[in-house]
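The values are calculated or read from the model by the stated rules, or taken from the named source; none is laboratory data. Every value quoted in this text rests on a predicted model; they were computed, and no experiment measured them. Note that each Cβ is placed from the backbone with ideal geometry, even for glycine, and that neighbours are counted across all protein chains shown. With ligands, DNA and RNA removed, areas are computed over all heavy atoms of the protein, side chains included. Shrake-Rupley method; radii C 1.70, N 1.55, O 1.52, S 1.80 Å.
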Amino acid sequence: MNQLPLLSILTFTPLIGAILLLFVNKNSHGVLRTIAMAVTVVTFVLSLPLITGYNAPGSDIGGFQYLENIPWIAAGPFQMSYHLGIDGISLWLVILTTFIMPIAVLSTYTAVEEKVKEYMICLLLLEVGMIGTFISLDLFLFYIFWEIMLIPMYFMIGIWGGKNRIYAAVKFFIYTAVGSLLMLVALIVLYFKAGGGDFSILRFYQLHLDPTTQMWMFLAFALAFAIKVPMFPLHTWLPDAHTEAPTAGSVILAAVMLKCGTYGYVRFAMPLFPEANAQFTPLIATLSVIGIIYASLVAMVQQDVKKLVAYSSVAHLGFVMLGVYALNQQGVTGGMLQMLNHGVSTGALFLIVGFIYERRHTRLITDFGGLAKQMPVFATMFMIVTFSSIGLPGTNGFVGEFLVLLGSFESNLRWYAIIATSGVILSAVYMLWMFQRVMFGELKNPKNQTLKDLNAREVAIMLPLIFLIFFLGIYPRPIIDSMAPSIDKMIAQTKVQKQVAEAAVPAVPALPPGHMAVPEAGAAPAGMPAGHPAMPEAGAAPAGMPAGHPAIPANNEAK
Amino acid sequence: MFDLVWLIPLCPLIGSVINGLLGKKIKNETVIGGIAAGSVFASFMVACGILFQLLSLPGEERVIQKTIFTWIQSGTFKADIGFLIDPLSATMLMIVTGIGFLIHLYSIGYMHGEEGFYRYFCYLNLFTFSMLCLVSGNNLLLMFIGWEGVGLCSYLLIGYYFHKKSAGDAGKKAFVMNRVGDFGFLLGLFTLFYYLGTNHNVWTINFVELAKNADLLVPGAVVTTVCLCFFLGATGKSAQIPLYTWLPDAMEGPTPVSALIHAATMVTAGVYMIARMNFIFIKSPTALLVIACVGAATALFAATIGTAQNDIKRVLAYSTVSQLGYMFLAMGVGAFTAGVFHLMTHAFFKACLFLGSGSVIHGMHHALHHEHSEADPQDMRNMGGLRKKMPVTFWTFLFATIAIAGIPGLAGFFSKDEILWQAFANPHHHAVNYVLWGAGAIAAGLTAFYMFRLVFMTFFGQTRLSEKAFHHLHESPWVITVPLVCLAFLSIFGGYVGVPKVLSEFFTGGAFPNYFEHWLEPVFAYSTHYTEAHGAHGLHSVAMEWGLMGVSVLIACGGIALAFALYIVAPGFPEKFTSTFPALHRAVYNKWYVDEIYDFAFVNPCKALGNFLWKGFDVLVVDGIVNGVAAVVRGFSGILRYVQTGFVHNYAFTMVFGVALIVAVYIFR
């Protein structure tokens, strides 16, 4: 379809930049910064055609596009391919990544003065890992990128972090490594269950695994992703990592890396193991809701601004998970939007914390107070971001949160939705209380009386984020529209296959290796569930879905 | 003209953006104020045009929708940015833009010389924009944008003097209390959407669509839940029990803000919302009963607190809570028209009262400033005798007070009396009716008492200011007095659009009908028919209506007489009374300790729980396990380390030992 391997170019531009940086003198900070900045901007510009090019007329609407598939490692029966592609779900996460990177780089201009070269290389490698994670269609390739992503972040926390950085870095690494290893094991098991061939998830989507296998493999994948999200009670690495990481690290961690976890659910854990997914839905929904309330309560009593924001992340990601598990159009769309929104708002919050940290070298709420008088521009931006994080209508936070709650209310997670809705009260409490203590009141501390307002560079960092806060809040349609068909496919994959699997359970207790698991002649070989004959029955089957569910008509239209 | 409806909210938004971005550079107060007030005036003109065009249409055609674009569409859910024009929204648009304009004008004078003048007008315009969205949106979600938007602006304007801790606290409290209400609003929306969608395949949140499908709402638990959820939202925004405590604190904001947001417009949003969805509420007698009881209780409860406050604005704040209670009482007894009518007249006289109090504070502030006095310019105990120095303020204030006290002939009388009569005669609650009427009537007496107490303490008697300060006291400039006169005029004559039938028949033989009721008839037609169709009949007794009217007037006069007796004839008596019953006075003065109870019951436990979860669970349990695993691993590796020391003789020894062991096993097996 596309002659140019756009996705490969996109992924490896930062790598080329990183290699380029190797040859630059480590003391010429200006050059290093400029190159890193230029590379990330170029990457961002390169990613823009994806927005307009995706779902172009005549393409496979909602399917994977910009495909690249090259056999890569072929060791006997093992075949790993270099298989890339994006759909409406990954498209926006890629854009979020390429968008946030220049901002992150720009934020380091004065924040990082030591080992600038290494820092910039870390940032660029991180970008490679993140983009790669979102666009890999080969599970093995996905795993490689997933691991690539970890290492630069580990160094960023461990080398450029705060006082307690070693503890935080090790904790971060151990948590995520445990998850990755579990995933690796499950991945290999999955491969053997599927029989020879490559690691393409498109192939794995067609499998019908027996329930026990599904359960164990779902648990392994889900645990790996749950650590990344992070879900309660696996979240305790996050406050430490966020607090100790340098500003750019926190921004990237919050804006993009946490999304790898939720993306992992949407792309892998849920559609690959539909039955197990249905079985564990109550558990995950419970943990999400606990996460929302728990993290909000804990955020309320934090004394460190950055830690407060970190805990608010846990709460926001709880909303994402709840939405995704509603498994209907509104819920998943809301969850996806909330991922983007969280990237924008929480990224912006970490930048804001970074601004005052650079000035005062403290993050304790009690060290501040009355800053609004001294820093009016900063105050305005901080306030906009705060309200976006609270989810005020008109800002981005609202649309996502609203759709999540609406979607989960419509699904059989109704009671969870009701409890989660009370989270909107708590988010206002902790954010506004923090804002009040930092910005309002009298300017008592003499050190705060000489603070300078934001400079032009800092304003330039914030403006794109502020713009997005309003744009996504007022006109989210382009994004919702381009995601909808892919979300329909994802829902159909996760739901309908379950119907098929139930019907096929007695027929396929164990699969002979080398056979695809769609033996029914009646089913179209493409196997895509849209328009599948099982569809009408799905409505009648007591699968706990409300009648007239939105996903079903929408799905038929999509085909 | 209808096609221009989008201009109504847009004008203030533009004004807000201009002042927000450029206000700091413009600096000139006249220009900034001119932009702000001018933009609202432009909206007012458009609103007038729409009103007249609407009047020219026959009654049943007075529902017009204008959709601008689709905001959110996902699956079956769709929300437009679109406007609904009908008699109800046109009424609200007129109130918001009209009174809004007067208050903008007033603010130019009142805020003169304040730091952050442009910021104030930016917020005030933004508020007007949000409020206009709220009242003109054609669907629940757009209403919700306005709903939260006005909450935001209220937060910003209450906290306008942000360097004061009390202002910051009050702003936050208002926002959080409102959020509790918003929680209810959202749940109501979800339940309604889901209920109609799954049961009847009607997936909509559009008001017109909902009204068309009102028959599908079968009375029952679900509808009651929907209504109660929405009502929870209303109690937050409109300061009813149990969420009213933010409103008195909101007086930390500048006085014109109190007039616009916390009296005339925003706090009535809950009433508007119920009126807008009357076709749902009428289906749930339980919800109506709850609303009526909460309204009556709030009216009475807040009135008692109002009698003991000394801060001029706090008295008015509790009065507002109390009057809002009347409106909800009206909604709860199915007297939607009467409720909206009281909303309108209350907007006139309460805005006038607040602006009048602002004028007094403005004057007091300057007078005390001359004397370098630290005395509180809002405390009525420092005032007295002001009528001689501020005649315009005094007369306008007096008329508004007579209006709110319910003296026949002025606006407040018509609307309040209509509500009391409907509370007594409504077909919905039978036995409770007398209680509702009684609570309302007593509250009316208290209202007359505390309002005239305020007037007597402020404007009459000997001044309690020093001679020098009193000398410097003078009337406010025209930008302040002109809005006062306009609003006083409306407080006097605004009620004549809705003269009750008995009065009109008696005095004019029916030649002067109840225009207001007729005007709103199509909006509430469904509810009216529904009530009639279900065989519910209210009391129809002209004699009874006259009798009750007489009683309520007598009660009001009694309140005034009592205030006169206590504060003019025997000014020492209140002191004596409070020293005789100190506990009672302290309880009333401290607002029955409701804030303290809330702190004890909700705020402190939440903080304690947060701390416990953080330090107890996160740090001890989860991190304890993680660090414990790390420690165990380290411990084991410490032991295993001895296996791999790197010394050749160790390895040799191990090998020999191993070989010996194997041999031994083979030999002795």
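Values as computed for the structure displayed
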| quantity | calculated |
| --- | --- |
| Number of the exception - B:T245 against (1) closer than 30 Å to B:R119 by Cα; (2) buried (at least 20 other Cβ atoms within 10 Å of the Cβ); (3) among the β-branched types (V, I, T); (4) out of contact with any strand residue (DSSP E or B) (no Cβ under 6 Å at 6 or more places or on another chain) | (2) |
| Single unsatisfied condition, B:M251 versus (1) farther than 18 Å from B:D182 by Cα; (2) hydrophobic (A, V, I, L, M, F, W, C); (3) at pLDDT 90 or above | (3) |
| Among residues of segment A:376-391, those that are in contact (Cβ under 8 Å) with a residue 60 or more places away in the chain and within 11 Å of chain B (Cβ to nearest Cβ), counted | 4 |
| Within segment A:446-456, considering residues that are open to solvent by less than 50 Å² (accessible area, probe 1.4 Å) and more than 14 Å from chain B (Cβ to nearest Cβ), the one farthest from A:A379 (Cα to Cα) | A:L451 |
| Counted residues, segment B:267-292 - those being charged (D, E, K, R) and within 29 Å of B:Y155 (Cβ to Cβ) | 1 |
| Filter result for B:I26 (in the same structural domain as B:Y123 (by TED's automatic domain parsing), open to solvent by 20 Å² or more (accessible area, probe 1.4 Å) and not charged (D, E, K, R)) | yes |
| Index of the failed condition, A:V178 passing every other in (1) free of Cβ contacts under 8 Å to residues at least 24 places away in the same chain; (2) within 24 Å of the chain's Cα centre (by Cα); (3) surrounded by fewer than 20 Cβ atoms within 10 Å (Cβ to Cβ) | (1) |
| Segment A:1-14, residues that are surrounded by fewer than 17 Cβ atoms within 10 Å (Cβ to Cβ) and in contact (Cβ under 8 Å) with a residue 12 or more places away in the chain | A:M1, A:N2, A:P5, A:S8, A:I9 |
| Wholly enclosed helices (runs of 4 or more DSSP H) of segment B:592-660 bearing at least 3 residues open to solvent by 50 Å² or more (accessible area, probe 1.4 Å) and aliphatic (A, V, I, L, M) | B:623-640 |
| Residues being open to solvent by 60 Å² or more (accessible area, probe 1.4 Å), in a helix (DSSP H, G or I) and within 14 Å of chain B (Cβ to nearest Cβ) - total across segment A:150-169 | 2 |
| Single unsatisfied condition, A:Y357 versus (1) touching a residue at least 24 places away in the same chain (Cβ under 8 Å); (2) away from every other protein chain (no Cβ under 11 Å); (3) open to solvent by 10 Å² or more (accessible area, probe 1.4 Å); (4) closer than 22 Å to A:I290 by Cα | (4) |
| Test for B:Q65: is it surrounded by fewer than 23 Cβ atoms within 10 Å (Cβ to Cβ) and without any contact (Cβ under 8 Å) to a residue 24 or more places away in the chain | no |
| Selection count, segment B:4-29, where residues are over 30 Å from the mean Cα position of the chain (by Cα) and in a helix (DSSP H, G or I) | 4 |
| Number of the exception - B:H585 against (1) open to solvent by less than 90 Å² (accessible area, probe 1.4 Å); (2) within 14 Å of chain A (Cβ to nearest Cβ) | (2) |
| Test for A:K373: is it open to solvent by 10 Å² or more (accessible area, probe 1.4 Å) and within 9 Å of chain B (Cβ to nearest Cβ) | yes |
| Qualifying residue in segment A:397-412 (condition: in contact (Cβ under 8 Å) with a residue 12 or more places away in the chain, open to solvent by 10 Å² or more (accessible area, probe 1.4 Å), within 12 Å of chain B (Cβ to nearest Cβ) and small (G, A, S)) | no |
| B:H342 vs. criteria touching an Asp or Glu at 6+ places or on another chain (Cβ under 9 Å), assigned to a helix (DSSP H, G or I), in the same structural domain as B:Q422 (by TED's automatic domain parsing) and open to solvent by less than 10 Å² (accessible area, probe 1.4 Å) | yes |
| Long-range neighbours under 6 Å by Cβ, at least six apart or interchain, first residue without any contact (Cβ under 8 Å) to a residue 60 or more places away in the chain and in a helix (DSSP H, G or I) within segment B:161-172, second crowded, with 17+ Cβ neighbours inside 10 Å and aliphatic (A, V, I, L, M) | B:K172/A:L432 |
| Residue selected from segment A:286-333 under the condition among the β-branched types (V, I, T) and under 12 Å from A:T346 (Cβ atoms), by the criterion surrounded by the most Cβ atoms within 10 Å (Cβ to Cβ) | A:V320 |
| Every pair of residues 6+ apart whose Cβ atoms lie under 7 Å, when the first sits in segment B:237-265 and is aromatic (F, W, Y) while the second is open to solvent by 10 Å² or more (accessible area, probe 1.4 Å) | B:W246/B:K173; B:W246/B:M177 |
| Selection count where residues are over 28 Å from the mean Cα position of the chain (by Cα), open to solvent by 60 Å² or more (accessible area, probe 1.4 Å) and free of Cβ contacts under 8 Å to residues at least 12 places away in the same chain, scope segment B:487-517 | 6 |
| Per-region count, segment A:211-258, residues within 14 Å of another protein chain (Cβ to nearest Cβ) and hydroxyl-bearing (S, T, Y) | 2 |
| Any pair with Cβ under 9 angstrom, 6 or more apart, that starts in segment B:268-288 at a residue that is not assigned by TED's automatic domain parsing to the domain that holds B:S319 and ends at one that is open to solvent by less than 10 Å² (accessible area, probe 1.4 Å) and basic (K, R) | B:T268/B:K237; B:A269/B:K237; B:G270/B:K237; B:M273/B:K237 |
| Boolean, B:M143 is more than 9 Å from chain A (Cβ to nearest Cβ), part of a helix (DSSP H, G or I), touching a strand residue (DSSP E or B) at 6+ places or on another chain (Cβ under 6 Å) and touching a residue at least 60 places away in the same chain (Cβ under 8 Å) | yes |
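One line per residue, one yes/no per condition, for (1) farther than 21 Å from B:G339 by Cα; (2) at pLDDT 90 or above; (3) at the interface with chain A (Cβ under 9 Å from one of its Cβ atoms); (4) open to solvent by 10 Å² or more (accessible area, probe 1.4 Å):
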site: B:K78; (1), (2), (3), (4): yes, no, no, yes
site: B:L88; (1), (2), (3), (4): no, yes, no, no
site: B:F101; (1), (2), (3), (4): yes, yes, no, yes
site: B:H112; (1), (2), (3), (4): yes, no, no, yes
site: B:R119; (1), (2), (3), (4): yes, no, yes, yes
site: B:L134; (1), (2), (3), (4): no, yes, no, no
site: B:L156; (1), (2), (3), (4): yes, no, yes, yes
site: B:Y161; (1), (2), (3), (4): yes, no, no, yes
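Here's the yes/no breakdown for (1) at pLDDT below 85; (2) part of a helix (DSSP H, G or I); (3) touching a strand residue (DSSP E or B) at 6+ places or on another chain (Cβ under 9 Å):
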position: A:G397; (1), (2), (3): no, yes, no
position: A:F402; (1), (2), (3): no, yes, yes
position: A:G407; (1), (2), (3): no, yes, yes
position: A:V429; (1), (2), (3): no, yes, no
position: A:K444; (1), (2), (3): yes, no, no
position: A:K495; (1), (2), (3): yes, yes, no
